[in-house]
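The values are calculated or read from the model by the stated rules, or taken from the named source; none is laboratory data. Only a predicted model underlies this, so the values are computations on that prediction, with no experimental measurement involved. Backbone-built Cβ (ideal geometry, glycine too); neighbour counts: all protein chains shown. Ligands, DNA and RNA are excluded from the accessible area calculation, which covers all protein heavy atoms including side chains. Shrake-Rupley method; radii C 1.70, N 1.55, O 1.52, S 1.80 Å.
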Amino acid sequence: MSGGGSQLESLLPRESLLWIFAAQLVVLLPHSAHLPLWLLGGWCLAVYWRLEVFRGRREMPGRMVKLLAVSLALAGLVLTYRRWFALEPMVALLAVSFTLKNIELVSRRDALLSLLLAYFLAATLFVFEQTIPYALYGILCVVIITAALIAQQGLGSARPGRALGLSAKLLAQAMPVMLVLFVVVPRLGPLWAVPQNSNSASTGISDSMSPGDLSELSKSAKPALRISFDGPVPPPEQRYWRGLVYTHFDGRSWSEPDADRGGLWGRSWQGNRGHGRSLRGEDTDASERPLPAVGPRYRYQVIQEPSNSPWLFALARPHSETRGVRETGDDTLVYKTPVASRLAYDVRSWPRDNAASDMQLGALERRSHLQLPARGNPRARAWARARRDEGLSAEAISDALLNLYNRRFTYTLRPPTLGDDSVDEFLFATREGFCEHFASSYVFTMRAAGVPARVVAGYQGGEWVEQEEYLLVRQYDAHAWAEIWLPARGWVRVDPTAAVAPERIRDGLQSAAADEFMQDSLVPLHKFAFVSRLRLQWDMVNYRWYKAVVSFDSERQQGLLRRILGEVSPLRMALFIGLPMLLALVCLFVWLKLSSRGPALPTSSRLYLRFCQRMAGAGLARNFGETPGDYARRIERELPRLGPMAARITSAYEKAAYGDDEQAEKQLRRLLRTFWPLRLARGGLRHTDSPTEGQSVGQ
C-alpha cells in the first residue's frame, strides 16, 4: 500500500491538501455547537497524521490502525448518544466518516470523495438552522469546497485568487438555474423522518410552573412568536396566546397531569377521552367538534420559534388545519413532534363571549380542577371557606379576591423567595410578585372555595410591527393567568395581574415594570432607541426571509405559479422553464460571438480592408505582410487600368491612418463608393484608362 501511495502522492501536492483541509474545517466549525467536541479533536489528529505523512515523518496508517480508529469513533458515538435513530447521531456518523477519510487520503479519487462528503455535511447545517447567517455561511462553505475541487486540477489552479475567483464565478452562473428550480421543482415532503433530539435544552414556557419561573423569562428579549392576521387584529387586552393548562398542584408547582406531554398528544389523537368527553358531552376528537356557524373572529398565521416542546400558542378556542397540528380538550394546540425549528401554522379562533354555554363539567373533570394537597397554606384555605360560608357566588368570591390584590399588592420582576406555604406567604406576608404568583394564589384560593379553576400559561401582548404588519411576541411577554368554571358560561378567563398592574396587559411588561425591566443585562441596550430600532429592523428581515424562503411549501409554490401562469399545466410549465433557458443560451451565444471578434478597427482601416476584399474578388489579393504602398504598385504592374485609382485610394488611406486627416478619410470613403474593380476588369471603363476624381469607374 505504501508503494502505491508513493506513486500517487504527486497527484496531491501540498496546496491541494491544504485546500481540502480548509474546506473540511469550514464545514465542521458550525457543527461544533451540537456535535461532540471529541469529533473535532479527532479531525485535528487525522489532519496532523496526514501532514506528517506528507513530510515523510510517518507512514500511511495500516489496516490495524484504521480498524482501531473506526472502533474508537463508533465507541464514542455509542457513549455520546443513547438513541441512535435521531438527527444528531446521523449527522455525527456522517462527520465521523468525513473525518476518518483523511487517514487514507492519497489520490485525487480520495480527494473528490472527501469533498463530495463536505457538500453533504454543509447541507446538514440547514437541518438545524435556516436563518440568514446560516444561509450566508452555507454559501461560503460551497465557495470554499468548490475552490478545493478546482485546486485539484493542477497547473496553478491551487492559487487562492484563481481558485476562489473561479469558484465564485461558477456559483454566480448557477444562481439563475437555482432560482428557477427553487420555484418550479415540486415541494415534496421527506421520504422518511428522523426525529430531532428532544433532550436538548428548551426555551420558553415549561411543562410546569413554580414561583419565579416566568420572571426568569422576563430577562430574555428573544422572539417567541410572529403573528400575521388576515383581517382584524385583536386589541392588546385580548392578546392572550395560550399554550399550556396546569391542573395539578403539589403545594409549590403547577403541572400538567401528563408531565411529559406525550400523553397529551396521544390523548388528542385518540379522542380526548378525558377532557373531550366531560367538556363537550361527547366522546369525539377535539378537532372534530362542531364549529360555530358564524365565521371565525380572527384568522392568523403563527410563526413559532424552536422550543423543543410540542405545545403551540394561539388565542382561545383555536382550530387549525395545518398538517401535524392537533387541538386538545384544554383549548390548546399541540404539534406531533417537539418544535425543533421554526414552525408556521394557520389558526382560526372563536373567542368566547359572555353568552350562555351548554357545556357541562363532568364529575371527573370537576375533581381534577378542585384538586389541592391534603395540607398546607391554611390561611388561604380559611379565607376561601369564610367567603363560601358567607354564601357568595363564584363571581363574588372572584371579585373579593381581585379587590384584595388591587388594594394591597405590588407587581414586581424581583419577588421575594417563598417558603413551603407559598400561597399564604404571598397573600398575607410579602404581597409582591410576578404573574405566576397572582395566577397560582388565585387558582388555589378559588379551588379552596369550591370553584373549579386552572392555571393557563402562554404569552400576553406583543409589539405591532407596522412596516410588515405582524405582531412580534418576545420571551419577556411570557404570562400566566387563570380560568374558572361558571355553570352558565363555561370556562372564563380571569387575569389577577390585571387587577394589580393593568398597564402590563395594555402596554406590555416594559411599561409595567420600567425600573426593573432587563435590569440584569450587562449592557442595557433596550434603553437606546437606535439599538431597539436596529433589532426591530433585523427581526423584519428575518420575518421576510422566513415568509419568502423557509416557509415556501407546496401550497405557496402552487399559489405563486398560478399568479405567474394563470393555470398550472404541463405546456405552460414547459414554456415557463424553456423560454428563459432559451433566452439565456441566445444571450450566451451573442456574448461569445461579440467577445471573439477582438477590438474594433479604426474607420480608415475598415475602409481599406473593404478595398482589399474587392481587389481579391478581382483576382489580385494582398499578400501577407505586404505594405499598402507595395500592394498599390503591384496592382499598377499587373492591372494597369486599376493602377491610378488604387494609388489614389492607398494615398488617402495612408493620410487618414497615419496623419489623422479627416478630409483624407472622407476622400477614401468617396473613392470606394465608385470603385468596382470587377466591372473594370471586364472592360467597363469607356472614356479613359486613367479616370479622374469624380468619374464613375465602370460606368
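Ranking F426, V492, G450 by how far each Cα lies toward the positive end of the dipole of the range 369-495 (charges on Cβ) leaves G450 at the top. Residues whose amide H lies under 5 Å from that of V494, counting only those 5 or more places away or on a different chain, are A482, E483, I484; hydrogens are built 1.01 Å from N in the peptide plane. Ordered by 1.4 Å accessible area with all protein chains kept, K336, K222 run largest first as K222, K336.
For the range 66-120, the solvent-accessible area with a 1.4 angstrom probe is 51 square angstrom per residue.
Computed over the range 434-473, the P(r) curve from all C-alpha pair distances, binned at 5 Å from the origin, holds 6, 20, 18, 13, 11, 10, 10, 7, 4, 1 percent per bin.
Over 10 Å intervals from 0, what percent of Cα-Cα pairs in the range 74-177 sits in each interval? All Cα pairs considered, the percentages come to 13, 35, 34, 14, 3. The listed residues K666, K219 rank as K666, K219 when sorted by accessible area, largest first, using a 1.4 Å probe. Shown are L100, L585, whose ranking by accessible area with a 1.4 Å probe and every protein chain present, most to least, is L585, L100.
Charged neighbours of H31, selected by a Cβ distance under 13 Å, balance to -2 (K, R count +1; D, E count -1). Taking all protein chains as present, what is the carbon and sulfur share of the accessible area of the range 51-158, in % to the nearest whole number, probe 1.4 Å? Ligands and nucleic acids excluded, carbon and sulfur give 70 percent.
Say the cut-off is 30 Å between C-alpha atoms; which of K169/K222; K219/K547; K222/K336; K169/K593; K593/K655 go over it?
In this structure, K169/K222; K593/K655 lie more than 30 Å apart at Cα.
Over all pairs of different C-alpha atoms, the range 335-427 has a mean inverse distance whose reciprocal, the Kirkwood radius, equals 18.0 Å.
Across the options A86, L105, I20, the greatest Cα extent toward the positive end of the charge dipole of the range 1-160 (unit charges at beta carbon of Lys, Arg, Asp, Glu) belongs to L105. Here the convex hull built on the C-alpha positions of the range 1-116 has a volume of 99 cubic angstrom per residue. The GluC sites (Glu not before Pro) of the range 362-462 that meet both conditions, a loop assignment by DSSP and at most 16 other Cβ atoms within 10 Å of the site Cβ, are E390. Charges only on Cβ, +1 for Lys and Arg, -1 for Asp and Glu: so what's the dipole of the range 61-170 about the Cα centre, in debye to the nearest 20? Magnitude of the dipole: close to 280 debye. Taking every protein chain into account, the 1.4 Å probe leaves Y119 with about 70 Å² of accessible area, to the nearest ten.
Computed from the Cβ-Cβ distance with R0 of 22 Å, the FRET efficiency linking V549 to L171 stands at 0.80. Hull volume per residue, based on the alpha-carbon atoms of the range 347-502 and their convex hull, is 146 Å³.
For V142, the accessible area of its heavy atoms, probed at 1.4 Å with every protein chain present, is near 50 square angstrom.
Per residue, what volume in Å³ does the convex hull of the Cα atoms of the range 554-644 enclose?
Enclosed volume per residue, from the Cα hull, is 193 Å³.
Calculated over the range 467-510, the projected area of the Cα convex hull averaged across directions stands at 4.6 nm².
Subtracting the Cα-Cα distance of Q371 and D630 from their residue separation scaled by 0.36 nm leaves 81.5 nm. Amide H to amide H distances under 5 Å link S228 with Q301, I303, L471, where only residues 5 or more positions off or on other chains count and H is placed in the peptide plane.
Taking the Cα centre of the range 307-439 as reference, the dipole from Cβ charges on Lys and Arg (+1) and Asp and Glu (-1) amounts to some 180 debye. A simple charge model with +1 on the Cβ of Lys and Arg, -1 on the Cβ of Asp and Glu and nothing else charged puts the dipole of the range 25-81 at about 220 debye relative to its Cα centre.
Near G391: Cβ cut-off under 15 Å, other residues only, Lys/Arg at +1 and Asp/Glu at -1. The net charge is -1.
Between H479 and G458, Y459, Q460, the built amide H atoms are under 5 Å apart, and every one of these is 5 or more places off in sequence or on another chain.
Checking every one of the trypsin sites (Lys or Arg not before Pro) in the range 554-659 against DSSP loop status and a limit of 12 other Cβ atoms within 10 Å picks out R597.
Tell me the trypsin sites (Lys or Arg not before Pro) within the range 77-155 that lie in a loop according to DSSP and have at most 13 other beta-carbon atoms within 10 Å.
Answer in residue order: R82, R83.
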